[in-house]
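The values are calculated or read from the model by the stated rules, or taken from the named source; none is laboratory data. For clarity, every value in this text was computed on a predicted model and none was experimentally measured. Counting neighbours? That spans all protein chains shown, and the Cβs are built from the backbone with ideal geometry, glycine included. Note: accessible area is taken over every heavy atom of the protein model, side chains too, but ligands, DNA and RNA are not part of it. Shrake-Rupley method; radii C 1.70, N 1.55, O 1.52, S 1.80 Å.
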Amino acid sequence: MNAFGFPLLSLMLAVPMAGAVACLFSGASTARMIALVATLIDLALGVVLWMNFDQGMTAPQWQFQEYAPIFGRFAWAMGIDGIALLLIALTVFLMPICILASWEAIQKRVGEYMAAFLFMEVLMIGVFAAQDLFLFYIFFEAGLIPMYLIIGIWGGVNRIYASYKFFLYTLLGSVLMLIAMLWMAREAGTTDIPTLMAYNFDPHVQTWLWLAFFASFAVKMPMWPVHTWLPDAHVQAPTAGSVILAGVLLKMGGYGFIRFSLPMFPDASAEFAWLVFALSMVAVVYTSLVALVQQDMKKLIAYSSVAHMAIVTVGLFAFNQAGIEGAMMVMLGHGLVSGALFLCVGVIYDRLHTREIDRYGGLSINMPQYAILFMLFTMASVGLPGTSNFVGEFLSLMGVYEASSWVAIICTTGIILGAAYMLYLYRRICYGEQKNADAAAMPDLTMREIVMLVPIALGVLWMGIYPESFLAPMRADVQAVVARLAPAKPEGDAHLAMGTAKPVAEEHHATDHETAAGEAH
């Protein structure tokens, strides 16, 4: 129970879980309705969560907390701060849209498909709300299972290869994280995440702990060069699977950096900032160039996701307010825009059953509504002022420029390349000569497709025009992370040099060790 009066977060998990069980024992049409109603109820609960979240600078950091001991140190511990609130809001917003996107496209084993999606919603919300170390790990890892099934059962021709690759990449990285968590629980005497965020581990041990967590979060983001599972997973996944994969699942890596790597291991984060910056710079330029030559629409958008996530990682490791806030805004904006772009691909794929760019052309003639919405999402992906991605990229690069001007310049070239491949994609699909009669005969958006795309379009514009409504809930939490990083923060272009973190005084570590251990007991 929490101060709100009832366990709202647990209710947000219980609703889709009950819906998932009901879908397993229902026919196709009933399962669709159950899934839609369950996701809409969770969306309504998400609105209640947002409206009752105290955004004041003097408000408690953790709100809507629930606690119930299970066994030993393991407990059902839930609670959110502003960062988790925004990611939960993104999740519950996209889920009903994913159900609508699957309404006609999925015709076989519909009950199981809808159950998998609802179960995945449970696990995604759980990741962002968990306040126990091992509860987080369970939610984080279990999220692999429904997505593995969605790709492997309802995916494309090479779905088995893509699903195994997705599963193995993400699982292997997380094994090291589990070992690190076991050591942390023994060392600190607690599995409480807020307590661990204030606990000072020995600087030499932090290096190994940081690397163990990095192995998991880098694959999840995904960062170059462990990104190769993502294009395969996107291409083979059904449309709704791609939406939720790009929209929410990739954000778990960024959330992990903010929640674990930066506050728990500040010295190691500063020590390895050069590594994150180097991998991110390569990713921004390399994956943008790869996207330019793609002939498959989904693969192009998948590579663009890797480039956008690289802007997130450089922003996070800029160690300043603008960089981290910008990274969060990029995650939220990318969640909306990439999801919308995959929906746009799904709309024309359902009509022509091909993702090959050259099979289309001139769609603005026979599909003007589609062309307008697709243009908005294309411009948002490019970072046009007034759209969601502009705010995040501007803040993130401003923070990075403060940390290292060279990194900011190189990452900006990636944004220029992003404009090139997205505008090139839009021109080839919506303009030019209509060479194929079947593409020229495709009907415009149906009412179901309009209901899917218009809410995302409004969200993209809302974020771009009034970003303060998204920055305000997380401002105090980002400030807390920045304050935690301040003693170890590198100076100037020291981000680019190996092992240049300012060591935190050993006596401070010893004192904080005793304080945190005492609080934990």
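Tabulated data
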{"item": "Pair-distance profile P(r), taking every C-alpha pair of region 99-220, with 5 angstrom steps and integer %", "result": "2, 10, 17, 19, 17, 12, 9, 7, 5, 3, 1, 0"}
{"item": "In the chain, lysine pairs closer than 29 Å at Cα, eight or more apart or cross-chain", "result": "18"}
{"item": "DSSP bridge orientation in the chain - percent antiparallel, rounded to nearest 5", "result": "100 percent"}
{"item": "Accessible-area composition of the chain, carbon plus sulfur, in percent [1.4 Å probe]", "result": "68 percent"}
{"item": "Alpha carbon centroid spacing (whole Å) that separates region 88-136 from region 1-78", "result": "12 Å"}
{"item": "Prolate/oblate/rounded call for region 386-480, Cα gyration tensor, a/c under 1.5 rounded", "result": "oblate"}
{"item": "Size of charge dipole - the chain - debye, nearest 20, with Cβ of Lys, Arg +1 and Asp, Glu -1, no other charges", "result": "1520 debye"}
{"item": "Longest to shortest principal axis, alpha-carbon extents of region 1-141, angstrom", "result": "50, 35, 24"}
{"item": "Cα pair distances in region 356-435, grouped into 5 Å bins until the bin that holds the longest one, percent each", "result": "3, 15, 20, 19, 14, 11, 8, 6, 3, 1"}
{"item": "Descending semi-axes in whole angstrom, ellipsoid equivalent of the chain, from the Cα gyration tensor", "result": "37, 27, 20"}
{"item": "Calculated [θ] (222 nm, deg cm²/dmol) that DSSP helices of n ≥ 4 give over the chain, each run adding -39,500 (n - 2.57)", "result": "-23500 deg cm²/dmol"}
{"item": "Radius of gyration, Dmax [region 251-408; alpha carbons; angstrom]", "result": "17.2, 57"}
{"item": "Solvent-accessible surface (1.4 angstrom probe) belonging to GLU468, in square angstrom, nearest 10", "result": "70 Å²"}
{"item": "Surface per residue (accessible, 1.4 Å probe) for the chain, Å²", "result": "35 Å²"}
{"item": "Kirkwood hydrodynamic radius over Cα pairs of region 152-296, then Stokes diffusion coefficient at 20 °C and 1.002 mPa s, in µm²/s", "result": "129 µm²/s"}
{"item": "Percent of Cα pairs exceeding the 14 Å cut-off, where the set is region 1-70", "result": "66 percent"}
{"item": "Solvent exposure, largest accessible area first (probe 1.4 Å, DNA, RNA and ligands not counted), of ASP54, ASP232, ASP267", "result": "ASP54, ASP232, ASP267"}
{"item": "Alpha-carbon Rg/Rh ratio, for region 394-438, with Rh computed the Kirkwood way", "result": "1.33"}
{"item": "Region 139-182 - convex hull of alpha carbons, volume per residue in Å³", "result": "46 Å³"}
{"item": "Listed peptides 238-247, 215-224 by packing density, highest first (mean Cβ within 10 Å)", "result": "238-247, 215-224"}
{"item": "Rounded to whole Å, sorted largest first: equivalent-ellipsoid semi-axes of region 301-391, Cα gyration tensor", "result": "30, 14, 9"}
{"item": "Sequence of LEU471, LEU24 from largest to smallest accessible area, 1.4 Å probe", "result": "LEU24, LEU471"}
